[in-house]
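These notes concern the structure reproduced below.
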Amino acid sequence: MTARARLTARTDGADFHVVLDDGTGHQWSADEPASLGGGGSGPTPDQLLLSALGACTAITLRMYAARKQWPLEGVDVELALDPDGKPAAGTDIARHIMLRGPLDADQRERLLQVANACPVHKLLTGEVRIASALTG
């Protein structure tokens, strides 16, 4: 079976700077802010995690609305990780979704349900197993 997604994360010598490569020609980076010893040259790992949820939410809603031929003109997704500080257990993500376009109340409610079923939402709220191994 083929992996759903693949990624390589590689440090390039600069403190905490990581180059991410998906193997299909897309590269981006991550870093820590200067206040934590990084160079501030890219989003933090936490921001990258939120970006996956935000992108998946917006894309899933646009695809669903297009399939239904609903007048969704745009989607804004604002996310915050542990918005009230670190909880005693677990992790909290606040997601605020703004739907643009002349949608009725039933369409808006259905789109909220669809957002809660986007693939990254399901991944984050489901059971995740990580198998780690050293190579080389």
Checklist entry - Taking amide hydrogens as modeled 1.01 Å from N in the peptide plane, which residues meet the under 5 Å criterion relative to GLY40, leaving out close sequence neighbours? => result GLU32, ALA34
Item to check | Dimensionless Rg ratio for region 1-57, taking C-alpha atoms and the 2.2 N^0.38 Å reference | outcome: 1.23
Checklist outcome for this item: Reduced to Cα centres, the span from region 54-119 to region 1-26 in Å works out to 27
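In region 1-60, which trypsin sites (Lys or Arg not before Pro) fall in coil by DSSP and have 10 or fewer other Cβ atoms within 10 Å?
ARG4, ARG6
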Item to check | Gaussian network model of the chain, springs between alpha carbon atoms under 10 Å - residue of ALA55, ALA117, ALA34 with greatest fluctuation | outcome: ALA34
Checklist outcome for this item: Compactness summary of region 44-136: radius of gyration and Dmax from Cα atoms, Å, are 15.8, 57
Checklist entry - Given the options GLY39, GLY101, GLY23, which has the most mean-square fluctuation in a GNM of the chain, springs set between C-alpha atoms less than 10 angstrom apart? => result GLY23
Checklist outcome for this item: Long-range amide H partners of ILE93, meaning residues 5 or more apart or on another chain whose placed amide H is closer than 5 Å, are ASP82
Checklist entry - Which one of LEU81, LEU50, LEU36 has the biggest mean-square fluctuation once the chain is modelled by GNM with Cα springs under 10 Å? => result LEU36
Checklist entry - Rounded to the nearest 20 Debye, what is the dipole magnitude of the chain about its Cα centre when Lys and Arg each give +1 and Asp and Glu each give -1 at the C-beta? => result 660
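No lab work stands behind these numbers, since they all come straight from the coordinates. All values derive from a computational prediction rather than experimental measurement. Quick reminder, even Gly has a Cβ in these numbers, built from the backbone with ideal geometry, and neighbours come from all protein chains shown.
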